[in-house]
Amino acid sequence: MQNQQEGKDKQKQITRRGFLKMMGGIGLTGITATIAGCSTDPAGGKGWMPQQYQVASSYPIQVKGRIPIDPNNPSITRDDKKCILCGQCIEVCQRVQTVYGYYELPIKNDITCVNCGQCTLWCPTAAITERDDIDKVVKALENKDLHVVVQTAPATRVGLGEEFGMAPGTFVEGKQVAALKQLGFDAVFDTNFSADLTIFEEGTELIKRISGDLHEPLPQFTSCSPGWVKFCEYYYPDLLPHMSTCKSPQQMLGALIKTYYAKEKGIKPEKIFSVSIMPCTAKKFEAARPEMNSSGKHAGKPQLKDVDVVLTTRELARLIKAKGMDLNNLPDKKYDSLMGEGTGAGLIFGATGGVMEAAIRSAYFLITKQDPPEALLNLTPIRGLQGCKEASVDIPGVGTVKVAVVHGLSNARPILEAVRKKEAPWHFIEFMCCPGGCISGGGQPRTSLPPSDEVRQARINSIYNADAHIYSKRKSYENQEVLALYEKFMENPNSHLAHELLHTHYTDRSKQLTVKKKNA
Amino acid sequence: MSKGVLVDLTKCVGCGSCTVACKLWNDNKWDDKNPTMGPSAKLTDKNWTVVQFKEVKDKKGEPVWRFVKQQCFHCKEPACASACFAKAFQKTKEGPVIYYPHLCVGCRYCMVACPFNVPKYQWEKAFPLVTKCMMCNTKVEKGEAPACVSVCPAGVFKFGDREELLKEAKSIIAKDSKYVKHIFGENEVGGTEWLYISDVPFDQLGFKTNVTKRSLPSYTEAYMHATPFVGITWGVILTGLYHYTKRRNQISKDNNKNIKA
């Protein structure tokens, strides 16, 4: 019995110890094997590649690679960790905007980019985004010494809501103003105001070109879209005399904030920090152009910039969310006075054809001194998403004015070639870099991927609806604050001071690339 | 016929697709301290290929931007494989010089041997290995181009039989006066599978142009061939000495015994 008991104890003892030893041994062997790797495969090749690259080397791949982005690009930036080489950025840059692939290799000393940011809308992983400037604005808002002024572009009010769960095209003008005031901006102005102002300046310039008072060629090109302007500077520098010398509405308002507003309010220009909320990434580039310091030069301080920071609609949405605000719950507020009034004509700048329609409404009045007929207030031939649209307008005293509207840079090339060959019958051509105009700019919410015409149309409909039913004034010459500006400060359109502050010049960038003879 | 890649540096636009493809296919981690693109791009144990940005002067003396892709050149007679006694580095018949982690003993002779300073060591790991570009040998075996080559949107690379590519490179630089009359990789260290052509002299682009035209293993071949003979000879000598001393000790022991007796 005793022997049996001893045997059992011994067996039990051995079992426990043995078990632990065994488990420990197995664990240790396992860990060592895992770390050291028991595989006899060579290194590498354990990852994945997008499907389109899993082909024999000679098989043609339609969409591949990605666009080059200069690390110093002021508008867009890319996070390599998120890039999946889907090729969508090349697709839009080459086929929709005709920028990538339209220059000979080797490249010179520039990575050709018009800063439009359409690639940020097409990128499925959001690897390409706008350059984030939110911190600069937050710092300025926290600085008690600075008077921080903000302006909002026509198109942001039909896009911002989408970032907060609203349907595409929801009109959030009042809520956007409320959000900006709650964020702590000292004054909230409307770029619609300077859009109306642009109509005065650009319309006067057009009439002068037609009448021969200004010895510049026709057709006149609009200059509101900085992506389009840079495109023309790269590929069609010989046509730059056609470009209106008017600054874009953003830069006009920027120059006025640090001159007219500063003077009216008695604030030193250097104490003003000027921010703009734009649907566009190219606006960041435009604001950084060295010549955009008219207010600085006017004040004898050329280091001052007219617009200090540009935020896209998406950045504004992030800023609002970061402050814990929900746009849905904000009450509608109104823009501040002095430069907060806008008309329907200014608002439709946000849609393709809008600048042209607004210009025609005012040109009719400037020439005939009469209100335009109702048909000119709904100029349907130049509305909609067709790539190139044209219209003829009879203006008493001038005759028939022929106009064309182009959006998306691929649509611009044939028109520009026609102008080059002097085969263009038009007097005035509106060019917008982005398909659909500013409402589908590179800084707008990524509501559909890739951007769809349904979303574009919803935003456009919202703009025209506001022009027809929400805004009380539909013509730029009815803008009382613009009239007051001329009366108190600028004297008249195209005056000396207007040229100093509201007009600009362009740069021939053709030396930075070798334009491809036969386009890809 | 070994496979190779012809790189035309004049066509590179600096998009860096190739560096991303390398990371994706080889599942390599991103290295925050060492970027894969730009002026400070650097080959590391995680970055098997990088694109260096160079601001140089062209033939007319005008400033131009060039982008230089770096990776293992896959020498025809690789010094790394020659230096590796564990056969962790092996040259395949298709061209890639590949590395087997399970054979590596961690001596790092390969790193010393490589004339282009390509193999890198995983210094931060508890069980480190040597790493380098494998020329995506599993893809090359199937007739596919390496990952980096397959993604290029600008047509920088051409993948194919090395000898064919060499002919093509010669014809390109003969026809077009913009190219410098040199094919990097044709003769460097006895020839490499990666061939480069450029319009800017290679030394300005950071290439190591002062390397020998002879293959590096050929320098050591003569000595290393003698290894077995040296080994056997020493074996014979030492065995002889062993038996000699053993016998001498035995005799001396026996003699001492005799004295005592």
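The values are calculated or read from the model by the stated rules, or taken from the named source; none is laboratory data. Keep in mind it's a predicted model, so treat the numbers as computed, not measured. When we count neighbours, we look across all protein chains shown, and the Cβ atoms used for this are built from the backbone with ideal geometry, even at glycine. Surface areas here come from the heavy atoms of the whole protein model, side chains and all, with no ligands, DNA or RNA. Shrake-Rupley method; radii C 1.70, N 1.55, O 1.52, S 1.80 Å.
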For the range B:24-47, which positions are open to solvent by 20 Å² or more (accessible area, probe 1.4 Å) and in contact with a helix residue (DSSP H, G or I) (Cβ under 9 Å, 6 or more places away or on another chain)? B:Leu24, B:Trp25, B:Asn28, B:Lys29, B:Trp30, B:Pro35, B:Met37, B:Lys46
What about A:Asn465, is it polar (S, T, N, Q) and under 30 Å from A:Ser211 (Cα atoms)? no
Taking A:Glu233 as the residue in question, decide whether it is at pLDDT below 95 and open to solvent by less than 10 Å² (accessible area, probe 1.4 Å). no
Subset of the range A:37-63 that is part of a helix (DSSP H, G or I) and open to solvent by less than 60 Å² (accessible area, probe 1.4 Å) - its residue that is farthest from B:Ala145 (Cα to Cα): A:Gln52
Hey, which of the strands (runs of 3 or more DSSP E) in the range A:64-157, taking only ones fully inside, have at least 1 residues that are open to solvent by 20 Å² or more (accessible area, probe 1.4 Å), in contact with a Lys or Arg (Cβ under 9 Å, 6 or more places away or on another chain) and of a type in the set (S, T, N, Q)? A:76-78, A:128-130
Of the residues in the range A:266-281, how many are in contact (Cβ under 8 Å) with a residue 60 or more places away in the chain and open to solvent by 10 Å² or more (accessible area, probe 1.4 Å)? 4
Filtering the range A:100-126 down to residues that are more than 12 Å from every other protein chain (Cβ to nearest Cβ) and β-branched (Val, Ile, Thr), which residue is nearest to A:Tyr236 (Cα to Cα)? A:Val114
For the condition in contact with a strand residue (DSSP E or B) (Cβ under 7 Å, 6 or more places away or on another chain) and charged (D, E, K, R), what is the one hit in A:Glu430, A:Glu423, A:Glu454? A:Glu430
Helices (runs of 4 or more DSSP H) contained entirely in the range B:86-201, each with at least 2 residues that are surrounded by fewer than 18 Cβ atoms within 10 Å (Cβ to Cβ) and within 18 Å of the chain's Cα centre (by Cα): B:109-113
